[in-house]
Structures are given as structure tokens and as C-alpha cells.
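The values are calculated or read from the model by the stated rules, or taken from the named source; none is laboratory data. Worth saying up front: this structure is predicted, and the values here are computed from it rather than measured. Counting neighbours? That spans all protein chains shown, and the Cβs are built from the backbone with ideal geometry, glycine included. Ligands, DNA and RNA are excluded from the accessible area calculation, which covers all protein heavy atoms including side chains. Shrake-Rupley method; radii C 1.70, N 1.55, O 1.52, S 1.80 Å.
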Amino acid sequence: MLLDDVADASARVAATRSRLAKRAVLVDVLRRAAADGPDDVAIVSRYLGGELRQRRTGLGWRSLTGMPLPADAPSLTVGEVDAAFAHMAGLSGSGSSTARLEAARALFAAATEREQHLLRGLVSGELRQGALDALLLDAVAEAAGVPADVVRRAAMLAGETEAVAVAALGASSPSAARTALDAFTLTVGRPVRPMLAQSAPDVPTAVAQLAGTGDAPAVPVVVDTKLDGIRIQVHRDGDEVRVYTRSLDDVTARVPEIVAAVRALPAHTLVLDGEALALDAEGRPRPFQETASRSATRDADLAASATLTPFFFDVLHVDGHDLLDAPLRERLAVLDRVAAPHVVQRVVTSDPAVAAGHFRSVVAAGQEGVVVKAADAPYEAGRRGAAWVKVKPRHTLDLVVLAVERGSGRRAGTLSNIHLGARDPAGGFVMLGKTFKGMTDEMLAWQTRRFRELEVADDGWTVTLRPEQVVEIAFDGLQRSTRYPGGLALRFARVLRYRDDKSAAEADTIDTVRALVAPT
Ligand SMILES: Nc1ncnc2c1ncn2[C@@H]1O[C@H](COP(=O)(O)OP(=O)(O)OP(=O)(O)O)[C@@H](O)[C@H]1O
């Protein structure tokens, strides 16, 4: 397949707001890629999702300025483009950056204007979007003639889209595609995308959503303590233990204490879902920053300074039995048996008052809130379904840093005041305000370095960034604003922490923010 076909599809997807129209474009291009063979499906599904197949090419955003003028007519195949990036990624040693730049120039010289636009987006990561991935999976399902939930489930278990697209579109018939997709099962040692939660403003609302209201007898729900640490998914096969983060990165080498704790549990094979936390001598959680900086750094000194304790709230597999489809009630019974010293505290009740009492006591003990869960629900990998509902005592949003201003006075020399954007589901970001509050000196130093890496332009005062860094913001409310494009501004926004475990595609959307505005 020609790169031009993908560039054309990508431009048409970006040009329409209609999900149906976007999906139709993707179905068409995926079908044509399938006719050209599995290698093309692999590459095209990656490119449509906004990613290269190479994790790192060594090419920076800046190196793409000053590329040659575009070619007049398309000639590049996707296979040639993938091979060119594989070559660039493989270069190392002295002279490699010059060689890489030459290879990039040759590639760009052979690309038309819209192909160059696609290549830039792929290299910079700007085309990557969570919403696009979901759409792509639906398009794979339609192109292969199988139900969308079968494809989604396979992708969650595979932890990626490419292999699933190849399996589904490489099959000779819809029933063969289904068989190929059913072969993606939970494998110990291969992380699955974690189940996510919706939010509710308070505990009675969350309980009512799950336990039901009215005359029917209320069903008991699980009210789990919400710990404010780092999501971990731990896989154990005998003595081999691997620890993954929310974004499925392998952090095993950095958390030997978690490995040791899980090795001591009474099971041979295990997949556990939970949270890692730094505790003080009294067993109270230490501030999140300590847990986060510990996991974000490879620094051995820091590694010694805070010990992480794992707490588990779910189990997906034990000794040859997959539990994904078992109701939570059963999974928790297994969890209590195999992970007893490390289980998150919970109450099971249908009484909103009891649930609210648990919420108050855990918040008083320094925890973040609760997650109310349907006791009969399966584990829905990768889904923000209705079966888990979180409740926290304060308003927070995960926003993306769009730009940053130079600090002055005590903050001279730093990059300080950050511009905050919510994700627009149709593409791009909507600015909601700025803040320089809540940052510790360490955070300031960290962000000053980090934002230089993301710099796109610098007018001497404001540095415009690639929209990649997610930040968790607390705020007191929203006000109408004529200054910002969404017509809304945050009141008293302050930084709680930087979220390295979330990509910009997972940031809160402007629709979520609008839903917080009380109807007038
Ligand atoms: N007992 C628990 N059950 C489920 N999730 C928990 C629990 N304790 C802490 N968590 C954390 O809460 C998160 C659930 O909220 P959500 O799925 O919205 O993820 P998130 O966007 O990372 O949320 P947040 O920023 O509120 O932690 C999980 O990702 C997990 O890290």
C-alpha cells in the first residue's frame, strides 16, 4: 500500500467530526491494506493510530525543521517507510545523528506534502489520540466482519492494537477472524490494560448507581478504599515476578520490595491488580509525590529512601484459573485467600450510610477516597465501565500542559506558569486557564527540564509545548470566561502532581469539564 493512501485517510478522518464518517474511512483503508498482506496491515494500523512501529527513532521534533521540499507525486510504499524508520532507529555510535538526518531527508524528499504532514505527525507523536484507537478497533471489527466487543476484548488482553488488527484482518472469513481473536487470552507475563473507574460526586450517588434504589431490595456493593499511590499490575510465574504500571511499562527492576512481597504469597501463578504506596512508620500513606518520584526515577539513592508497599484490590488469574469473567465477589474471595497481608481494606454493604461512614474514615486516615464496585461485575480490562465508581473529597482534573511562561522574581530562571488544556474529543485541546500554584521547588526544577524537551517555539516569554505532559489540577470551581476559547475558566487552579502514567490521550475532555458546570 502507498503511504499516500494512509495520508489521505488520516487527513479525511481529521477533517470530519462524525464518528461514522471517520470509521467508514478507516474501514476502507484497512480493507485495502489487508488485500496487500499482513505486513501492510501491521504498519497501516499503527500509522492510523498515530504511531510509528519503532518506539524510538532518535529523530527529534527539531530535526524535522528544514526538511526538503515535498515530491510532486506519491511513490513511497508503507513498507519502504517502515524500513526507513527501522534503519534510522538502528543507527548508533559516532556519526549516527548525521546519518539519521540524511536518511530522514531522503525519506521526506520522496514524500508529497500530505505525506510529509503525516510523517511529521507520526515522528512527533502529535497524531496519537486515545479516541482514535477506540475508533480504529471498531473499524477493524467492521472490516473483519466480527462484533466490536470481540475485537476490543482481544486488544485489551493483547495490550495493543497492531497484533489484533493483523489477526482479525488476516483471517479468511469472519468466523476464522473470531477464532483468531478468541486466541488472545490472559497470559501470565503479558500485561492487560487496567480496568478504569467512572466518578460520582458523593458516596450515596455512587451506591445508588450500583445498588439500585426504590422498593427492590438493594444489592450489596463493595466499597473499596481508594489508595493514592501508583497503579501496579503484578504477574507471577513461579519465582519470576514482573511489575507493570498503568501504562503497561515494566518497572520490575525498580521495585524489588514488591517482587519480594508477591513471591512470598501462597500461589504459583498469579496476576494481581493494585496500588503501590509509600507508608510512614505509623502506616499512614506518605504524600503522593514521594511515591511518584520514587517510581519515576532510576536513582538508586532514592530507591533506598522510601519503601513501597503493595496493596491489591483485584486478582485476574491464580494457578491456572483465569478470573476475568468471574464476578468481583468471587475474585475478592480468591484475593483474600492468596494475598491476605496485602489486600486493600473494604466494606461490603447496601446501606449508603455505612458506605459513607467508610469514606469518611478512610479520608480521615489520609487515603484518597473510595471506589464503589458492583459485586457481580466481571473485570473489564481497559474499560471505564459503570461497574467501578470513584468518589474523592475534592475536584480534580487531569489536564495537558500546552505552554509555559518564564518565571520572574524568586522564580527567575525557571519555567513556571503553565497553560492548561482539556482534550477536545474532535482533536486538539481547549485552554482553561493558567497556574503557577502548588508547585514545590523540586517540581519547578523538574518541569523546567521537562518542558525544554517538549518545546516547539519560544517567543522569549512563553514557551509553546508539544501537548504531551499530563498534570493533575485541583480547583475550586469553574467560571464563565470570554478570555478562553471554551468559554470556561478554572477558579484557583493549583498543581497536585504531574501524571507520567497517563498520556495526553487519556486526559480529561472538555465535555467532562462542561458537565461539571451547574446548569443555570
Ligand atoms: N481500591 C481501588 N480500586 C480501584 N482503583 C483504585 C483503588 N485504589 C486506588 N485506585 C486507583 O484509582 C484509579 C481508578 O480511577 P481511574 O480509573 O479514573 O484512574 P485514574 O484516571 O488514574 O484516576 P485517579 O487520578 O482518580 O487515580 C485506578 O487507576 C487506581 O490507580
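Return the only residue of T205, T161 being open to solvent by 10 Å² or more (accessible area, probe 1.4 Å), more than 21 Å from P327 (Cα to Cα) and within 17 Å of the chain's Cα centre (by Cα). From the options T205, T161, the qualifying one is T161. Within segment 66-87, the residues that satisfy the criterion of being at pLDDT 95 or above and either touching an Asp or Glu at 6+ places or on another chain (Cβ under 7 Å) or crowded, with 17+ Cβ neighbours inside 10 Å (or both) are P70, P74, L76, T77, V78, G79, V81, D82, A84, F85. Of all residues in segment 313-335, which are part of a helix (DSSP H, G or I) and away from the ligand (no atom under 14 Å from the Cβ)? Across segment 313-335, the qualifying residues are R329, E330, A333, V334. Quick check: anything in segment 163-175 in contact (Cβ under 8 Å) with a residue 12 or more places away in the chain and β-branched (V, I, T)? There is at least one residue in segment 163-175 that is in contact (Cβ under 8 Å) with a residue 12 or more places away in the chain and β-branched (V, I, T).
Within segment 425-446, being closer than 15 Å to L399 by Cα and surrounded by 17 or more Cβ atoms within 10 Å (Cβ to Cβ) holds for F429, V430, M431, L432, G433, K434, T435, F436. When H117 is tested against (1) farther than 16 Å from G50 by Cα; (2) of a type outside the set (D, E, K, R); (3) open to solvent by 50 Å² or more (accessible area, probe 1.4 Å), exactly one condition is not met: (1). Identify the residue in segment 485-511 that is over 21 Å from R466 (Cα atoms) and part of a loop (DSSP other than H, G, I, E, B) and, among all such residues, is nearest to the chain's Cα centre (by Cα). Among those that are over 21 Å from R466 (Cα atoms) and part of a loop (DSSP other than H, G, I, E, B), it is A493.
Go through (1) open to solvent by 30 Å² or more (accessible area, probe 1.4 Å); (2) at pLDDT 90 or above; (3) more than 24 Å from the chain's Cα centre (by Cα) one by one and return the number of the condition S63 breaks. So S63 meets the others, but not (2). Scanning segment 34-50 turns up no residue that is at pLDDT below 95, assigned to a helix (DSSP H, G or I) and in contact with a strand residue (DSSP E or B) (Cβ under 9 Å, 6 or more places away or on another chain). Of the residues in segment 397-424, how many are hydroxyl-bearing (S, T, Y) and buried (at least 18 other Cβ atoms within 10 Å of the Cβ)? The qualifying residues number 2.
V371 passes every criterion in (1) of a type in the set (A, V, I, L, M, F, W, C); (2) over 16 Å from R331 (Cβ atoms); (3) in contact with a Lys or Arg (Cβ under 6 Å, 6 or more places away or on another chain) apart from (2).
Please return the ranges of helices (runs of 4 or more DSSP H) entirely within segment 224-312 where 3 or more residues are at pLDDT below 85 and surrounded by fewer than 22 Cβ atoms within 10 Å (Cβ to Cβ). Output list reads 288-296, 300-305. Kindly list the number of the only condition in (1) open to solvent by 40 Å² or more (accessible area, probe 1.4 Å); (2) touching a helix residue (DSSP H, G or I) at 6+ places or on another chain (Cβ under 8 Å); (3) more than 28 Å from V146 (Cβ to Cβ) that fails for R23. Condition not satisfied by R23: (3). All told, S408 falls short of being under 19 Å from K226 (Cα atoms), modelled with pLDDT under 95 and away from the ligand (no atom under 14 Å from the Cβ).
Name the pairs: first residue in segment 366-393 and acidic (D, E), second residue more than 10 Å from the ligand (Cβ to nearest atom) and part of a loop (DSSP other than H, G, I, E, B), Cβ to Cβ under 8 Å, at least 6 apart or on different chains? Going by the 8 Å Cβ cut-off, the qualifying pairs are D376/V219; D376/P327.
So which residues in segment 377-403 are more than 9 Å from the ligand (Cβ to nearest atom) and closer than 17 Å to A326 by Cα, if there are any at all? Those that are more than 9 Å from the ligand (Cβ to nearest atom) and closer than 17 Å to A326 by Cα: A377, P378, Y379, E380, A381, G382, R383, G385, A386, A387. Of the listed requirements (1) more than 16 Å from the ligand (Cβ to nearest atom); (2) within 23 Å of M195 (Cα to Cα); (3) touching a Lys or Arg at 6+ places or on another chain (Cβ under 7 Å), D237 misses just one: (3).
One residue is enough: does segment 188-204 have a residue meeting the conditions within 16 Å of the ligand (Cβ to nearest atom), in a helix (DSSP H, G or I) and at pLDDT 90 or above? Looking for residues that are within 16 Å of the ligand (Cβ to nearest atom), in a helix (DSSP H, G or I) and at pLDDT 90 or above, one finds at least one in segment 188-204, hence yes.
Please find, within segment 377-395, the residue that is nearest to D314 (Cα to Cα) out of those that are assigned to a loop (DSSP other than H, G, I, E, B) and charged (D, E, K, R). The selected residue is E380.
Within segment 456-484, can you find the residues that are assigned to a strand (DSSP E or B) and open to solvent by 30 Å² or more (accessible area, probe 1.4 Å)? V456, A457, D458, T464, L478, Q479, R480, listed by residue number.
Residues in segment 358-376 that are in a loop (DSSP other than H, G, I, E, B) and away from the ligand (no atom under 13 Å from the Cβ) were compared, and the one that is farthest from E472 (Cα to Cα) is D376.
For the residues A106, A200, the requirement of being over 30 Å from D319 (Cβ atoms), of a type in the set (A, V, I, L, M) and surrounded by fewer than 18 Cβ atoms within 10 Å (Cβ to Cβ) singles out A106.
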